[in-house]
1. If I take R0 = 25 Å and measure r between the Cβ atoms of A236 and A98 in this structure, what FRET efficiency does the formula 1/(1 + (r/R0)^6) give, to the nearest 0.05?
2. Quick one: if you take sqrt(5λ) for each eigenvalue of the C-alpha gyration tensor of the range 43-194, what semi-axes come out, biggest first, whole angstrom?
3. Please report the base-10 log of the normalised intensity I(q)/I(0) for the range 244-309, using a Debye sum with one equal scatterer per alpha carbon and no solvent, at each q in 0.15 (1/Å).
4. I'd like the Karplus ³J(HN,Hα) series for the range 239-247: coefficients 6.51, -1.76, 1.60, θ = phi - 60°, whole numbers in Hz, and an x wherever there's a Gly or Pro.
5. Of all the Cα-Cα pairs you can form in the chain, what percent are over 27 Å apart?
6. Amide H to amide H under 5 Å from A63: which residues, 5+ apart in sequence or cross-chain, H placed 1.01 Å off N in plane?
7. Amide H to amide H, which residues 5 or more places from A121 or on other chains are under 5 Å from it, using H placed in the peptide plane?
8. Out of A248, A202, A327, any idea which swings most in a Gaussian network model of the chain, alpha carbons joined below 10 Å?
Amino acid sequence: MTTLRTPAVLAATCAVLLASATAASASPPRPAPPSITVTESALEGVHGTSPDATVRNVLTVTASGTRLRVRLSNPFGDGPVNVRSVWVGLQPSPGSPALTPGSDHRATIGGAKTAAIARGAAVWTDPIPLRVRPGDHVSVSVYAPGAPVDDHTFPPPETDTPGSFLSAAAGDAGSDVTGTAFGEFRPGTLWWADAVSAVSAARGTIVALGDSITDGYNAVGGGPRWTDVLAQRIDALPPGRRLAMANAGISGNTVSVQPNPYDPTGQCCGPPAPERLDRDVLSLPGVRYVLLLEGTNDIGGGTYAPPAPARQVIGAMRGIAARVHRAGHRIVGATILPMCNTAGSAQERTRLAVNAWIRTSRTFDAVLDFDAVLRDPDDPTVIYAPWRYDCYHPNATGDLRLGRSIDLSVFGLPATR
């Protein structure tokens, strides 16, 4: 039997069909921006046990974002880190424990206010309703009395300094917005908090994997680390072109798997780069580029390890690059800075051989010739004196030159200086 349609029914049907066609032709809704890593401070070892006190960590973010999450890690402890509370807020000044009124939030982990972080494990907090901009200081107050202290400790740069405060009295002081419960700033010391992510319009994150030169060891003279200089340059770009910067430098770290030259326990300087690559780089949200600057400690050697040959350093770099590529990321290699080794010496020959390989092997997607930027034109075995802190490390002026020398086009950004 045929169904007859009245004019009113036909008109309604046409309207529905027209609306459906219009909806189908419209652009699909834009997906929400993904989470990226907006700051990092790679942990180096475990040193002691936490007192009955609260640590207020300070980390500086390098991109705008919302819905912050904090990672707490226990990679080295011989037992669990029993976290009784975590509070996350904003600090107007990194040198003061006082927080912006209304910014301090008690964080949850999987919906719970407490967590047990097993040995070798890490946890992320649930999203926290905070909005940050580049250069903002995020406080992460953790109360975990009696826990092994997985930390990051180093002689810090003079600006944008990571660090922490420790409460003077026993108990949980995470909710203290005034900061009166806390003692003096401890520059360069962080406990458990090793990364912060955020939902961001930035295109992703650059992770700088390195040793003390990346860590900012004694970058004295009034300026930031070279990674911070790079972050500031990127922050000046239009919002849709930006990338965040994460610093995974650990002083004394080696690029190859070997005994640490400076500490037989290995607790000073983090595991060798291949062993920490997953935790400190590949596991982070939003990674797009890795910037590798390591090898100085391998080539230099020390009391507990002889100088490494070029094949060892090159093999480690090749393996790291292959793993980064398998993860779907790009990797930029930087040449090794002058080390005050005598011209013609075995260590200087090794450094030159490694640098020649970095420049010519095409293992990396791009190369930054940091050696050429900082070497003394009259003696290429040393860093130019006005830019040098010591034989291995640039000062703040040297870091400024490194940060400004980087061609942003290696990260798919406008090529500006």
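The numbers here are math on the coordinates, done by the rules we state, and not lab data. Treat the numbers as computed from the prediction; the structure is a model and nothing was measured. Here the Cβ is made from the backbone with ideal geometry for all residues, glycine too, and neighbour counts use every protein chain on show.
1. According to the calculation, E is roughly 0.30.
2. 21, 17, 15
3. For the range 244-309, the Cα-only Debye profile gives -0.47.
4. Here the 3J(HN,Hα) series is x, x, 9, 7, 10, 7, 10, 10, 9 Hz.
5. I get 52 percent for the Cα pairs in the chain exceeding 27 Å.
6. Counting only residues 5 or more places away or on other chains, the set is G135.
7. N74
8. Ranking A248, A202, A327 by mean-square fluctuation puts A327 first.
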